[in-house]
There are 2 protein chains.
Amino acid sequence: MATISDVVKRSGISKATVSRVINNHPHVSKEKREKVLAAMKELSYTPNPTARRMRGQLNTTVGLVVHRVVNPYFSYLMDAIERKAAEHNIRVIFFQSKEDKQKEFEFLDLLKQKQVDGMILTTVANSVEDIRPYLEYGPIVFCNEYLRIDDVPIVRISEEDAAFTGVTHLLEEGYRNIAYCTGGLFADEGKDRDRNTGFRKAMEAKQLSINPEWVFIDQHSIEDGRTVMKKITEMDNKPDAIFTGSDEVAAGMTIAAREYGVKIPEDLAVLGFDDQPLCLLTSPQLSTIHQPIEEMGSLAAELIIKLFKGEKLEQLEYELPIKLVKREST
Amino acid sequence: MATISDVVKRSGISKATVSRVINNHPHVSKEKREKVLAAMKELSYTPNPTARRMRGQLNTTVGLVVHRVVNPYFSYLMDAIERKAAEHNIRVIFFQSKEDKQKEFEFLDLLKQKQVDGMILTTVANSVEDIRPYLEYGPIVFCNEYLRIDDVPIVRISEEDAAFTGVTHLLEEGYRNIAYCTGGLFADEGKDRDRNTGFRKAMEAKQLSINPEWVFIDQHSIEDGRTVMKKITEMDNKPDAIFTGSDEVAAGMTIAAREYGVKIPEDLAVLGFDDQPLCLLTSPQLSTIHQPIEEMGSLAAELIIKLFKGEKLEQLEYELPIKLVKREST
DNA sequence: CTCCTTCATGAAACCGGTCTCACTATATAT
DNA sequence: ATATATAGTGAGACCGGTTTCATGAAGGAG
């Protein structure tokens, strides 16, 4: 690889001026600028990013924390982020935290060490107080997360609206005995609290009360879905619809339904969440809440890039609209 | 962030010796070593990776090229690679090439510029001749690819064995009219050639000939699968089994089968390829060829890490075993 | 015509490390 | 006792850029 010194030798022009040309600084005569550009071209010279970073002059890598790549929700997010970043010639270092607090810290340290110039967190295990100190070292953007830190932009959907829309859909289809999956019915912050609120509001709007027997806590995987379905078949007083909060759970339920001879949606309507590709594969195909993942990822990337450029953001909270997708399961 | 100079000041020991301690070099007295370590601890000092990289003394990032993150095959590969890398404190910069030759070059340039210290290519658009020059700048490992370059280690499955095993399975289940999806029946290199060979050998072993009408070229997506199923329903002389070469295609076929009232496997047996999670979601669940993705990714990461350390590899070609998974579709 | 900006330029410091080299002190070989 | 290796140490060059600063030339104001 040619270095700046090679360009200096070839062009007979000083290092300082060559650097000015590289960085498009003013105060360089047209004549010299052209000589330098010619020499750079002849040597097919590219400035060494490592050297530039030494002086803190380079913003070209963003760190991306996801829970797991194999979770389609995150892989679609990564896809959108990487594409937007690539457009701007930004590199993406990714990292699976699996909600491990220690590992999360280790990755955040890359910011401290200037190995990355900013971070997009799509999942965060640590608390606000633990994250805040890292802001000193570079910009952070939250995407799909619920933590709020002043000055940290956040991109997400309105979970309350999503739950409200989903449950209202079930009610409008005529179902009245609604089961519900959540991380915790009495969560006092985050996603779950807002989804719970949306659920309650939708039920109250029809003067319906919540049957605690039909509330399932912490169900996430396909396997969990099978368990939920099993439990429901064993109930005397069965719900006629379920808001699963997750396509995986919903998919697991369709599999178990076949085994137990439960008909969806006749015996039990099932509503997913996310609109992942698997919705089209199950039988019946899943009705679900479509999350604008593409837009979320793309926006998060745009925000971090703006921050790289030192631009001020006019807005810090972005709530993107969800959409109900009705298919066969409701 | 504390720098080496801060450690120098605090410990009263020279930069050179501090560096020796950092890098565990010999010829440092126990006494000074401990003083330095104490100072480092007190300042919670971490060496700046960018500075170390300047002197070519750091191997901590690997570039990873995939086709698309959202393709589960690749996301599982990424998962395995990232996990193994994280164990060794190696960072992964990923990149979606989408088979774009120009973009692939741009990413390979990171190797030239020492932005990454090595590359794992799980898909490659350019030719051997185009890739070879980059070897000068750092190690490359192929994973899931078919290109052969001397000295470049490669991790993959035996496509011939996979096709042979798959088709033989169909034959053993009693099917005789086997349809087949491939990138090209007369491919003279790569995956397709080997799969074709496997297909032919399996058929010849039963003295069966190949019906060219039943060979589908370049089918990859769920949508493609629907098309294939449609074409088959329109045939006068129908196959009774199909080797799809792809879970997606197989999944698409199950969806279309429902629409056209085709019974799987009674009317048509369908065999997938990869053993992706979606195999369990379709109805019927898909029989498929299980690829050892986990092992492939993990091994590829191990190889690049060995090369980082300057170790010699005793073996360059790794063919990992596939496994037939029989479910409901055959 | 002098004084003050602004432009154009290169020398040298700097970023935070690693590494070569020269030098001293001690141990071993002859 | 002298020659020779080896451990321990720090000064300073170096990696490849950016940035400060000093200097000279040109242009405009008074």
Original post:
For segment B:109-146, how many residues meet the condition of being free of Cβ contacts under 8 Å to residues at least 24 places away in the same chain, assigned to a loop (DSSP other than H, G, I, E, B) and touching a helix residue (DSSP H, G or I) at 6+ places or on another chain (Cβ under 8 Å)?
Top reply: 1
Subject >> Qualifying positions in segment A:118-156 - within 11 Å of chain B (Cβ to nearest Cβ) and either acidic (Asp, Glu) or within 27 Å of A:ARG193 (Cβ to Cβ) (or both) >> reply: A:GLU136
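So that you can scan it fast, the table gives a plain yes or no per residue for (1) in contact (Cβ under 8 Å) with a residue 12 or more places away in the chain; (2) surrounded by 14 or more Cβ atoms within 10 Å (Cβ to Cβ); (3) among the basic types (Lys, Arg); (4) more than 10 Å from DNA strand D (Cβ to nearest atom):
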| site | (1), (2), (3), (4) |
| --- | --- |
| A:VAL7 | yes, yes, no, no |
| A:SER14 | no, no, no, no |
| A:SER19 | yes, yes, no, no |
| A:HIS27 | no, no, no, no |
| A:ARG33 | yes, yes, yes, yes |
| A:VAL36 | yes, yes, no, yes |
| A:ALA39 | yes, yes, no, yes |
| A:MET54 | no, yes, no, no |
Original post:
Can you pull out the residues in segment A:13-25 that are near DNA strand C (Cβ under 7 Å from one of its atoms) and either within 14 Å of chain B (Cβ to nearest Cβ) or touching a helix residue (DSSP H, G or I) at 6+ places or on another chain (Cβ under 8 Å) (or both)?
Top reply: A:ILE13, A:SER14, A:LYS15, A:THR17
Original post:
What residue, among those in segment B:92-108 that are assigned to a helix (DSSP H, G or I) and crowded, with 20+ Cβ neighbours inside 10 Å, is nearest to the other protein chains (Cβ to nearest Cβ)?
Top reply: B:PHE107
Original post:
Here are some residues: B:THR46, B:THR60, B:THR50. Which one is near DNA strand C (Cβ under 8 Å from one of its atoms), within 13 Å of chain A (Cβ to nearest Cβ) and surrounded by fewer than 19 Cβ atoms within 10 Å (Cβ to Cβ)?
Top reply: B:THR46
Subject >> segment A:157-173, subset in contact with an Asp or Glu (Cβ under 9 Å, 6 or more places away or on another chain) and surrounded by fewer than 21 Cβ atoms within 10 Å (Cβ to Cβ), residue farthest from A:TRP214 (Cα to Cα) >> reply: A:SER158
Subject >> Filter result for B:ASN89 (assigned to a loop (DSSP other than H, G, I, E, B), within 10 Å of another protein chain (Cβ to nearest Cβ) and either more than 9 Å from DNA strand D (Cβ to nearest atom) or over 28 Å from A:PRO49 (Cβ atoms) (or both)) >> reply: yes
**OP:** Can you give me the number of residues within segment A:49-82 that are within 15 Å of A:LYS98 (Cβ to Cβ), in a helix (DSSP H, G or I) and more than 13 Å from the chain's Cα centre (by Cα)?
**Re:** 0
Subject >> Criterion (basic (Lys, Arg) and in a helix (DSSP H, G or I)) met by exactly one of A:LYS201, A:LYS238, A:LYS263 >> reply: A:LYS201
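Listed here are the residues, each with its yes/no results for (1) surrounded by fewer than 17 Cβ atoms within 10 Å (Cβ to Cβ); (2) modelled with pLDDT of 95 or more; (3) within 12 Å of chain A (Cβ to nearest Cβ).
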site	(1), (2), (3)
B:THR244	no, yes, no
B:GLU266	yes, yes, no
B:GLN291	no, yes, no
B:GLU294	yes, yes, yes
B:GLU311	yes, no, no
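The values are calculated or read from the model by the stated rules, or taken from the named source; none is laboratory data. Predicted model, so just to flag it, every value in this text is computed and none were measured. Note that we place each Cβ from the backbone using ideal geometry, even for glycine, and neighbour counts take in every protein chain shown.
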